[in-house]
Structures are given as C-alpha cells and as structure tokens.
Amino acid sequence: MDRYVGGLFLAAYATSFMLVVGLVLIMLLAGNLRYFDSWEDGSSAPTSLILRYFTLEIPFLYLQVGPFVTVVAGLFTISKLSKNNETVATMAAGVSVHRILAPVFLGGCVAAIGMFALREAATRTIAFKRDTLRDVLENQSYDRVFEDLWFSDDRGNDVRLEEFRPATGDPPVAEIRGLRAYFRDAGVDRTLRADRAVWSLVDGREAWVLDGGEVADEVDAESAHPVGVLTDLDFTPETVLMSIRGQERPLELSFAELDELTRRDPDNAELQTLLQYHLTFPLSNLVLLLVALPFLVGRERGHNIEGLVTGCLMCIVYFAVDFVTRGLGAEGLLTPMVASWLPVILFGSIGAVLFDSMRT
C-alpha cells in the first residue's frame with residue numbers, strides 16, 4: 001500500500017512540478033520579452049545566453065513555489081484514490097485514512113528538507129552565474145558595473161564603493177573605483193580612501209591592492225599616510241555581491257548568507273525575519289497538506305470540486321497571513337520569531353485538528 005500511494009504521489013509531484021513551475025517560468029518569460037530586443041549598440045543577446053539564464057532560474061523559481069507543488073501533488077493523489085474508490089476499499093479493510101496518507105506526508109517532509117538543501121546548494125553554486133546573466137540581459141552590456149554601494153564588511157565597518165566591477169579584463173579581475181571606508185583602530189576613528197582597488201594575489205594570498213590609497217584619523221587630517229594593500233577591512237568580491245543581493249533581492253539569499261549578514265547587522269529586522277523565514281517556509285510543505293487534504297478526503301462523488309476549492313482557499317489564506325506577518329516583522333512591528341513562526345504554528349494547529357477529525 002505504501003509503495004502504491006507513494007508511487008502515485010511521486011508521479012503527481014512530477015506532474016505538479018511541470019505544471020506549477022512551468023507556468024511560473026512562462027510568466028517570467030512573457031514578462032521579460034525585452035531580453036530578445038536589439039541593444040543600443042545594434043547587437044543583441046545570443047539566444048543560447050537567454051536560454052541558459054532561464055534554465056539557471058528554474059531551481060530558484062521552484063524554491064518560491066515548492067509548497068504549492070507539494071500540495072497540488074497531494075490533492076492529485078487523493079483525487080486519484082477517490083476516483084477509483086480505493087480509499088473506501090482500504091478503510092473497509094480496516095486501514096485508517098491517516099495510515100493511507102502516511103506516504104504523502106513523508107513526501108512532504110522530504111520536500112521540506114530538499115527545499116532547504118537546494119537553496120543552500122543553488123546559492124553557493126549557480127547563483128553567481130545566474131545573476132551575471134541577468135545583469136547582462138537587464139543592462140544590455142557584458143560589463144557588470146554597480147554604482148554607489150554601501151555595505152558592512154566582516155568586521156562591521158561601513159564601506160562605500162563608487163563603482164564595483166565583479167570581473168573585468170582577461171583573466172577577469174574584480175575592481176573597485178572610489179573606495180571609502182570608516183573603521184576604528186586602537187580606539188581611534190579612521191577613514192580610508194582609495195582611487196582604485198584590484199583583487200589580486202599578495203604574498204600568496206588574495207587581497208585588495210590599492211591605487212592612491214591613504215588612511216587618516218578623522219580628527220587629524222594631517223595624520224594621513226599612504227597604504228598599498230587593504231588590511232584594515234575584511235571583505236571579498238563575493239562579500240560585496242552578497243550584500244548587493246541582500247539589498248536588491250533578499251529573499252534569494254541562502255540561510256548561511258543571511259546568518260552572516262545578520263551577524264554584521266544584528267539590528268536589521270528584515271534580515272532577522274528572513275533568517276527565521278528560511279526555516280519556516282519549507283515547513284509550508286507539511287502545513288499546506290494538513291490544511292488542504294482533509295477537505296478532499298471522504299468527499300462523496302460530485303463534491304470533490306467543492307473540497308478542492310475549499311482546500312485551495314485555505315492555502316491562499318495561509319500565504320496571505322504569512323505575507324502580512326513577514327511584512328510586519330520586516331518593519332519591526334513583530335519580533336522576527338513571531339512574524340515567521342506564527343502562521344506555521346497557527347495553521348499547523350488548525351490542520352492537525354482537521355486531519356484528526358477526518359472521516360475514517
């Protein structure tokens with residue numbers, strides 16, 4: 001029985017994945033048809049580059065809609081069992097509906113763990129490539145340039161970059177133009193300025209080599225002295241790119257990246273909330289199954305659509321509440337823990353009651 005129901009769920013999950021993720025991918029493609037337009041210089045992006053970008057985008061699209069994929073797969077599975085009266089026959093044999101659905105909820109647990117692992121792996125391996133292709137298509141240029149950036153380095157110092165190029169030249173080298181930073185050394189506030197900085201090897205290790213760099217005490221301008229290698233600050237090109245993604249697209253950060261950013265900026269309510277949200281969002285796979293499936297199980301023929309609609313509405317309400325509480329957490333009106341865990345606990349409890357009260 002477990003193999004049979006589990007096989008139905010896996011087949012339904014594959015179908016649901018193609019349906020939900022495919023629909024989102026088509027909507028994304030339809031909203032970015034400008035990527036196929038000619039650039040200002042008369043050239044255009046190769047079709048292979050565009051296809052590569054959308055291919056790399058698929059894992060991140062799945063991470064946005066993963067719980068929907070799971071609940072749709074669960075509903076498909078129940079519909080298949082109900083259509084053939086298999087739930088009735090199984091319950092008549094003395095097997096409870098809770099036991100019948102065990103493989104479905106096991107699949108939900110696997111999906112939750114898989115989403116968390118996929119986010120960490122995809123962010124570490126393909127996020128940089130995906131972001132590079134997106135910037136090329138958005139800016140219609142192969143030269144990636146970010147202007148007027150503010151961020152905190154690994155030591156919590158404030159850094160400003162007038163221009164940042166993640167990779168230029170051949171071989172590609174990260175470059176900064178117009179570096180300014182503020183830090184504290186030996187109890188004295190200091191300011192560092194440099195016209196240019198290049199990420200390269202220095203004495204066997206990578207560091208920022210400065211052009212026109214100098215450090216001065218903020219209260220004593222005459223104390224300025226030149227510096228050739230950046231040692232008072234601690235950041236890499238990857239650190240800058242992570243900070244950019246945190247400012248522009250914080251939901252795409254991994255749990256590890258959010259953990260690092262919140263360590264640098266512990267007072268940032270949005271980052272603290274997202275850190276908790278990356279733990280609770282995968283749990284939505286189980287919560288949605290709990291609140292949706294009871295409305296479909298045990299329905300008489302002709303009432304399946306009613307149960308399906310009710311279950312889908314419950315899922316929509318869950319995500320509406322989740323969106324509102326997350327927004328309140330980002331604004332500091334709710335603590336990050338409450339903002340992220342309240343929808344899971346509330347709807348998980350409702351789902352547990354609904355699941356326990358199903359007709360068996």
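List of remarks:
- Options ILE58, ILE113: the member that is closer than 18 Å to GLY22 by Cα and assigned to a helix (DSSP H, G or I): ILE58
- Residue match in segment 22-34 (condition: touching a residue at least 12 places away in the same chain (Cβ under 8 Å), out of contact with any helix residue (DSSP H, G or I) (no Cβ under 6 Å at 6 or more places or on another chain) and not in a helix (DSSP H, G or I)): yes
Every residue, every condition in (1) over 28 Å from GLY31 (Cβ atoms); (2) buried (at least 20 other Cβ atoms within 10 Å of the Cβ); (3) in contact (Cβ under 8 Å) with a residue 24 or more places away in the chain, yes or no:
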| position | (1), (2), (3) |
| --- | --- |
| GLY107 | yes, yes, yes |
| VAL110 | yes, no, no |
| ARG119 | no, yes, yes |
| GLU138 | no, no, no |
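- Looking across THR77, THR123, THR87, one residue alone is of a type in the set (S, T, N, Q), within 16 Å of the chain's Cα centre (by Cα) and assigned to a helix (DSSP H, G or I). It is THR123.
- When segment 1-28 is limited to residues that are among the hydrophobic types (A, V, I, L, M, F, W, C) and more than 18 Å from LEU63 (Cβ to Cβ), the one that is modelled with the lowest pLDDT turns out to be MET1.
- Test: residue in segment 325-336 that is crowded, with 23+ Cβ neighbours inside 10 Å and charged (D, E, K, R): yes
- Filtered residues of segment 194-233 (kept if charged (D, E, K, R), touching an Asp or Glu at 6+ places or on another chain (Cβ under 8 Å) and either at pLDDT 85 or above or not in a loop (DSSP other than H, G, I, E, B) (or both)): ASP195, ARG196, ASP211, ASP217
- When residues in segment 225-248 are screened for being farther than 21 Å from ALA194 by Cα and out of contact with any helix residue (DSSP H, G or I) (no Cβ under 9 Å at 6 or more places or on another chain), 2 of them pass.
- Only a single criterion out of (1) modelled with pLDDT under 90; (2) in contact with a Pro (Cβ under 7 Å, 6 or more places away or on another chain); (3) surrounded by 14 or more Cβ atoms within 10 Å (Cβ to Cβ); (4) not aliphatic (A, V, I, L, M) is not satisfied by THR90, namely (2).
- Output for segment 166-182, where each listed residue is modelled with pLDDT of 90 or more and closer than 15 Å to TRP199 by Cβ: GLU175, ILE176, ARG177, LEU179
- Of all residues in segment 72-93, those being in contact with a Gly (Cβ under 8 Å, 6 or more places away or on another chain) and either within 22 Å of PRO282 (Cα to Cα) or not assigned by TED's automatic domain parsing to the domain that holds TYR35 (or both) number 3.
- Among the criteria (1) surrounded by 20 or more Cβ atoms within 10 Å (Cβ to Cβ); (2) free of Cβ contacts under 8 Å to residues at least 24 places away in the same chain, the one HIS278 does not fulfil is (2).
- Checked against the criterion of being among the basic types (Lys, Arg) and outside the structural domain of GLY74 (by TED's automatic domain parsing), segment 195-209 contains one or more residues that satisfy it.
- Check on LEU271, touching a Cys at 6+ places or on another chain (Cβ under 6 Å), in contact (Cβ under 8 Å) with a residue 12 or more places away in the chain and either at positive phi or part of a helix (DSSP H, G or I) (or both): no
- Looking only at segment 251-268, residues that are farther than 17 Å from ASP153 by Cα and either assigned by TED's automatic domain parsing to the domain that holds GLY156 or part of a helix (DSSP H, G or I) (or both) come to 3 in all.
The values are calculated or read from the model by the stated rules, or taken from the named source; none is laboratory data. Bear in mind that the values here come from a model prediction, so they are computed numbers and not experimental data. In this analysis, Cβ positions are derived from the backbone assuming ideal geometry, glycine residues included, and neighbour counts consider all displayed protein chains.
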